[in-house]
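To keep things clear, I will list the structure first and then write my remarks on it.
The values are calculated or read from the model by the stated rules, or taken from the named source; none is laboratory data. Note that the coordinates shown come from a computational prediction; the quantities given were computed from them, not determined experimentally. As a convention, Cβ positions derive from the backbone with ideal geometry for all residues, glycine included, and neighbour counts pool all protein chains shown. Protein only, heavy atoms only, side chains kept; ligands, DNA and RNA dropped before computing areas. Shrake-Rupley method; radii C 1.70, N 1.55, O 1.52, S 1.80 Å.
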Amino acid sequence: MTTLNEWFKKGIPAEEFVSSMKVNKESLQSIHERFTVSAEDQNFFDELKAKELRAIVITEDWCGDAMMNIPILLNIAEAANVETRMVLRDENLELMDQYLTNGTARSIPIFIFIDKLGEERAVWGPRAPRVQDYVMELRSVLPAKDDERFEAEQKDVFKKITKAFSEDSNLWDEVYGSIKEALGKIN
C-alpha cells in the first residue's frame with residue numbers, strides 16, 4: 001500500500017495544478033486573491049508552522065467545491081507554511097477510497113494534513129458543515145429524479161451553488177473556520 005509520504009511526493013505542486021486547470025481556474029484564482037486569512041489568527045498560524053505540516057489535496061479541476069475550498073486552503077497554507085500537493089481523484093482511486101464521505105461517496109476535495117514523518121494529523125472535506133446545509137437547502141426543492149423537470153431544475157440549482165461559491169464571502173468564512181477547527185485539533 002502506498003504511504004501518505006509517497007502520495008505527497010506523487011502529488012502535483014499547488015501552483016502547477018492551478019496553472020494547468022481547464023475548468024474553474026479564473027474563479028479559483030479570484031477567490032484566492034479576494035479571500036484573506038485573519039491577521040488576528042497569526043498566533044494560530046505560527047503554532048501550525050512549528051508542526052511542519054504538509055497537505056495532500058484529493059481534487060479535480062471541474063469540482064465546484066474544490067473551486068471554493070482550495071483557494072481558502074492555499075491562503076491558510078501560505079500563512080502557516082504548509083506545502084500543498086494535489087492528487088487527482090479519478091486517477092488515484094486507491095487513495096480516494098481511503099477517504100470516502102459517509103463511507104460511500106468519492107466526494108472532493110479532501111484535505112489530508114500530514115506531519116514531516118508522513119503521519120496523518122487531520123483530514124478535512126469535502127464541505128464545511130454550514131456549506132453542506134446551504135447546498136442541501138437549495139437541493140431540497142428539486143423534484144424527484146424521475147420527474148421530467150429534474151434535470152433542468154438541477155442545472156439551475158448547480159448554477160446558484162456555483163455563483164454563491166464564487167461570490168459569497170460568508171461561505172468562504174465558513175470554510176476557513178471549519179478548516180481552522182480541524183487544524184486546531186492537532187496536538
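A compact table of results
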read-out	value
Per residue accessible area in Å² of segment 50-129, where ligands, DNA and RNA are left out and the probe is 1.4 Å	39
Nearby aspartates and glutamates by direct alpha-carbon distance to residue 145 (threshold 18 angstrom, same-chain neighbours under 8 apart not counted)	137, 153, 156
Point-charge dipole on Cβ atoms (K/R +1, D/E -1) for the chain, about Cα centre, debye to 20	140
Label-zone membership for segment 60-74, site residue 93, 7 angstrom Cα→C-beta point, backbone N under 20 Å	60-63
Highest-fluctuation residue, 171, 93, 48 considered, GNM on the chain with Cα pairs under 10 Å	93
Tensor-based shape of segment 68-140 (alpha-carbon gyration tensor, a/c under 1.5 rounded, otherwise prolate or oblate)	oblate
Principal semi-axes in Å for segment 1-114 [√(5λ), Cα gyration tensor, largest first]	22, 18, 13
Equivalent-ellipsoid semi-axes of segment 125-187, from the Cα gyration tensor, Å, largest first	29, 13, 7
Percent RCO, i.e. relative contact order, over the chain, from Cα pairs under 8 Å lying at least 6 residues apart	24
Among the listed pairs 51/160; 10/163; 10/159; 159/180; 9/155, those beyond 30 Å (Cα-Cα)	51/160; 10/163; 10/159; 9/155
Kirkwood Rh, Cα atoms: Rg over Rh of segment 1-60	1.04
Between 0 and 90°, nearest 10: helix 25-34 axis offset from the chain longest Cα axis	60
³J(HN,Hα) computed for each position of segment 84-97 - Karplus, 6.51 cos²θ - 1.76 cosθ + 1.60, integer Hz, glycine/proline x	10, 10, 9, 10, 6, 4, 5, 9, 9, 5, 4, 6, 3, 5
Gaussian network model of the chain, Cα within-10 Å springs - most flexible of 157, 131, 57	157
Lys/Arg +1, Asp/Glu -1 at C-beta; segment 1-64 dipole; positive extreme among 7, 63, 30	7
20 Å Cα-Cα reach of residue 185 towards aspartates and glutamates, excluding residues that sit fewer than 8 places from it in its own chain	40, 41, 46, 47, 52, 78, 83, 115, 119, 120, 173, 174
Nearest 10 degrees, 0 to 90: helix 64-80 Cα axis against the chain principal axis	20
Viscosity 0.692 mPa s, temperature 37 °C, Stokes-Einstein D of segment 39-167 from Kirkwood C-alpha radius, µm²/s	201
Full-extension gain in nm, residue 173 to residue 186, via 0.36 nm per residue minus C-alpha separation	2.6 nm
Segment residue 41-residue 12, length gained on full extension (0.36 nm per residue, minus Cα span)	7.6 nm
